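Read through the structure below, which is laid out as structure tokens, and then see the notes.
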Amino acid sequence: MKLGISSYSLQGAINLKEMTILDVVQWVADQGGEHVEIVPMGFSLVDDLSLADAIRQKAEEVGIDISNYAIGANILTSSLEDYEKEIERVKKEVDVAHRLGVKLMRHDVAWKSPNEISIRDFELDLPKMADACRRIADYAAQYGIVTSVENHGYYGQASDRVQRLFMPSIRKTLRPR
């Protein structure tokens, strides 16, 4: 077993400008951590690829792995054009994950206000959510990256909803005997 933490655990210090993401990597190593998950909150690695390179170099320098890259996403947009833009944005984050050298990436799928999270709403949105997750996972596969879904928020948090999200892809992979 390897011990490590998510950079999100030190988000307060990052927000207060007490630490940078590079300081977080160093801190994890100083505490005996063997890996760190990078969560780019308060900074963008898509917009600053040199920072992504610096994070990877820092992790190598201090001898820890970057085990995962986790991002926010919301593919439930008001238009098909925005839906496609969000999928493309997440794909750019996959490119960052590759640049960081990670093989695991997790992303949100969707969130909605409390008055829009019924099972009826979920079932209506399910085809779009499943399609987006499949397309992102297929894109990540070229780098050997496995994507997973973040189950934050109330819309996709319950285990039965996460299972439903992947049921279409599970049915495609099952073969008759």
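Could you tell me which numbered condition Tyr143 fails, if it satisfies all but one of (1) in a loop (DSSP other than H, G, I, E, B); (2) within 14 Å of the chain's Cα centre (by Cα); (3) within 25 Å of Gln57 (Cα to Cα)?
(2)
Residue under question is Ile64, and the condition is that it be modelled with pLDDT of 95 or more, touching a strand residue (DSSP E or B) at 6+ places or on another chain (Cβ under 8 Å) and within 21 Å of Glu150 (Cβ to Cβ); does it hold?
no
Contact list please: Cβ distance under 8 Å, first residue in the stretch 1-21 and assigned by TED's automatic domain parsing to the domain that holds Ser44, second residue surrounded by 15 or more Cβ atoms within 10 Å (Cβ to Cβ) and among the hydroxyl-bearing types (Ser, Thr, Tyr), pairs at least six apart or on different chains.
Taking only residues 6 or more apart or on different chains, the pairs are Lys2/Ser67; Gly4/Ser67; Ile14/Ser7; Ile14/Thr20; Ile21/Ser7.
So Thr77 passes all but one of these: (1) touching a helix residue (DSSP H, G or I) at 6+ places or on another chain (Cβ under 6 Å); (2) not assigned by TED's automatic domain parsing to the domain that holds Cys133. Which condition number does it fail?
Evaluating Thr77 over (1) touching a helix residue (DSSP H, G or I) at 6+ places or on another chain (Cβ under 6 Å); (2) not assigned by TED's automatic domain parsing to the domain that holds Cys133 leaves (2) as the failure.
Suppose we keep only residues that are modelled with pLDDT under 90 and surrounded by 14 or more Cβ atoms within 10 Å (Cβ to Cβ) within the stretch 123-151. Which one would you say is farthest from Ile87 (Cα to Cα)?
For the stretch 123-151, the residue satisfying everything is Asn151.
Can you list residue pairs whose Cβ atoms sit under 8 Å apart, with the first residue in the stretch 78-103 being of a type in the set (Phe, Trp, Tyr) and the second being surrounded by 15 or more Cβ atoms within 10 Å (Cβ to Cβ) and assigned to a helix (DSSP H, G or I)? Count only pairs 6 or more apart in sequence or on different chains.
Within 8 Å, the pairs are Tyr83/Lys128; Tyr83/Ala132.
Does the stretch 95-106 contain at least one residue that is over 13 Å from the mean Cα position of the chain (by Cα) and either farther than 22 Å from Gly144 by Cα or of a type in the set (Asp, Glu) (or both)?
No.
The values are calculated or read from the model by the stated rules, or taken from the named source; none is laboratory data. Just so it is clear, the structure is predicted and the values come from calculations on it, not from any experiment. Virtual Cβ from ideal backbone geometry, glycine too; neighbours counted across all protein chains shown.
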